[in-house]
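**Q** Structure in structure tokens, see below.
The values are calculated or read from the model by the stated rules, or taken from the named source; none is laboratory data. For clarity, every value in this text was computed on a predicted model and none was experimentally measured. Cβ sites come from the backbone with ideal geometry, for glycine too, and all protein chains shown count toward neighbours.
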Amino acid sequence: MSLPDITLISFGYFEKELLEKSAEAVKREYRSLLAIKEGHIDLSDYYDPGRRQYNGNALLKHVDAIPVAENNKTLGLFNVDLFIPILTYIFGQAFLGGRTGIASLYRLNNECYGLKADNKLLLDRFRKEMIHELGHTFGLIHCKVPTCVMRSGTYVEDIDQKDHRLCPACRRELGV
């Protein structure tokens, strides 16, 4: 089975190597054609001053409204602190079985937790988050397999414990 093409849209600055290596991991995992584009948005429209964070629901809707090819999955990439009303923060989110998701680098940085920067760990976390959110767009729900990239992740430590790959059961579900 062939999965839809994937478009990554970066909103803001991302180091070229981080973006390219993350994109390569996504492309490999889903065996899809992949394009990287730059997006432009006034993030102040999505900022909640009371929370000092950006509204993930509104950003997801914005990305979903961007015209793309019919059979395409789109992931908006950000580097801001995201929230949804029922959670303190999120790493990303997606429309289950839809065509759109978002992921943010912000809370994947060690510096966010008072730790020394680690670019290798940041890349590892970001590619897992991207693969995870795209999995939701393909209809995958959270997995119970501890190492599956589709396992739920509330904290960065949860993300660190996962692999960057889908488990065999999730692969079968996708038909890849």
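**Q** Go through the stretch 24-38 and report how many residues are touching a strand residue (DSSP E or B) at 6+ places or on another chain (Cβ under 8 Å) and either over 17 Å from Arg99 (Cα atoms) or of a type in the set (Phe, Trp, Tyr) (or both).
**A** So the count comes out to 2.
**Q** Follow-up. Tell me which of these Ala65 doesn't satisfy, since it passes every other one: (1) small (Gly, Ala, Ser); (2) surrounded by fewer than 15 Cβ atoms within 10 Å (Cβ to Cβ); (3) in contact (Cβ under 8 Å) with a residue 12 or more places away in the chain.
**A** Of everything listed in (1) small (Gly, Ala, Ser); (2) surrounded by fewer than 15 Cβ atoms within 10 Å (Cβ to Cβ); (3) in contact (Cβ under 8 Å) with a residue 12 or more places away in the chain, Ala65 misses just condition (3).
**Q** Select from the stretch 113-125 the residues that are free of Cβ contacts under 8 Å to residues at least 40 places away in the same chain and closer than 17 Å to Phe14 by Cβ and write down the one among them that is surrounded by the fewest Cβ atoms within 10 Å (Cβ to Cβ).
**A** Lys120
**Q** Look at Lys73 and say whether it is charged (D, E, K, R) and surrounded by fewer than 16 Cβ atoms within 10 Å (Cβ to Cβ).
**A** No, not satisfied.
**Q** To continue, here is another question. Mind telling me which of the residues Leu77, Leu134, Leu122, Leu140 ends up being within 23 Å of Ala23 (Cβ to Cβ), assigned to a loop (DSSP other than H, G, I, E, B) and not β-branched (Val, Ile, Thr)?
**A** Result of the check over Leu77, Leu134, Leu122, Leu140: Leu140.
**Q** Here is a check on your reading of the model: is Leu33 surrounded by 15 or more Cβ atoms within 10 Å (Cβ to Cβ) and among the aliphatic types (A, V, I, L, M)?
**A** In short, no.
**Q** Take the residues in the stretch 1-17 that are touching a helix residue (DSSP H, G or I) at 6+ places or on another chain (Cβ under 9 Å) and at pLDDT below 95; name whichever of them is farthest from Arg127 (Cα to Cα).
**A** Among those that are touching a helix residue (DSSP H, G or I) at 6+ places or on another chain (Cβ under 9 Å) and at pLDDT below 95, it is Met1.
**Q** If you scan the stretch 92-119, which residues turn out to be aliphatic (A, V, I, L, M) and assigned to a strand (DSSP E or B)?
**A** Across the stretch 92-119, the qualifying residues are Ala94, Ile102, Ala103.
**Q** Using the structure shown, decide if Ile102 is surrounded by fewer than 22 Cβ atoms within 10 Å (Cβ to Cβ), among the β-branched types (Val, Ile, Thr), at pLDDT 95 or above and within 20 Å of Val26 (Cα to Cα).
**A** no
**Q** Something else now. Suppose we filter Gly153, Gly139, Gly135 for residues that are small (Gly, Ala, Ser), in contact (Cβ under 8 Å) with a residue 24 or more places away in the chain and touching a Lys or Arg at 6+ places or on another chain (Cβ under 8 Å); which single one remains?
**A** Criteria check complete, one pass: Gly153.
**Q** For the stretch 5-30, what are the residues that are surrounded by fewer than 18 Cβ atoms within 10 Å (Cβ to Cβ) and part of a loop (DSSP other than H, G, I, E, B)?
**A** Matches in the stretch 5-30: Gly12, Tyr13, Glu15.
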